[in-house]
Amino acid sequence: MSRHQGGLFMVYSIGEFSKLTSLSVDTLRYYEKEKLVHPDRNRSNQRQYTDKDKMWVDFILRLKETAMPIRKIKKYARLREEGDVTLKERMEMLRAHRHSMIKQIEKFEDNLGHLDKKIETYEAMIADHKQ
């Protein structure tokens, strides 16, 4: 870990960034290959990650955790690289993903209700057998 010029932000090697993000070095290299991340390179051509990269990787992981397909994450990353001209399109992607998440939550809640009823049925049956 080293300070960048003027101490504005931290610079991390791939190994340090791996520990910081809890992602393997192989995963970070895969993300780079898939154009999800674009770490700078130093004079020795070694990857240099920053705190800004950390925030971006955290967001990628949130999208993954919320079941956004990798192809859509890649599209979002590409749009992000294109800059502010894609703000509206990125917002619409996130709105659509949010809507999808709400539908999934509704499904989970419905399934949870059915499981609760089944558990109650078993509890009642077990209580009846004890008598």
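Overview of values
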quantity: Ranked Leu94, Leu23, criterion: other C-beta atoms within 10 Å, fewest first; calculated: Leu94, Leu23
quantity: 19 Å Cα-Cα threshold exceeded, pairs from Lys35/Lys64; Lys35/Lys103; Lys35/Lys88; Lys33/Lys64; Lys19/Lys74; Lys35/Lys75; calculated: Lys35/Lys103; Lys35/Lys88; Lys19/Lys74
quantity: Rg(Cα)/(2.2 N^0.38 Å) for region 83-131, N = residue count; calculated: 2.20
quantity: Over the chain: helical MRE at 222 nm, DSSP H runs n ≥ 4 each giving -39500 (n - 2.57), nearest 500; calculated: -23000 deg cm²/dmol
quantity: Region 1-65: proportion of alpha-carbon pairs further apart than 20 angstrom, %; calculated: 20 percent
quantity: Low-density loop positions, trypsin sites (Lys or Arg not before Pro), region 31-131 - DSSP coil, at most 15 other Cβ in 10 Å; calculated: Lys35, Arg43
quantity: Rg(Cα)/(2.2 N^0.38 Å) for region 53-109, N = residue count; calculated: 1.18
quantity: Semi-axis lengths (Å, descending) of the ellipsoid that matches the C-alpha gyration tensor of the chain; calculated: 44, 21, 12
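Each value in this text was obtained by applying a stated rule to the coordinates, not by laboratory testing. Since the model is a prediction, treat every value here as computed from it, not as a measurement. FYI the Cβ positions are ideal-geometry reconstructions off the backbone, even for glycines, and counts take in every protein chain you see.
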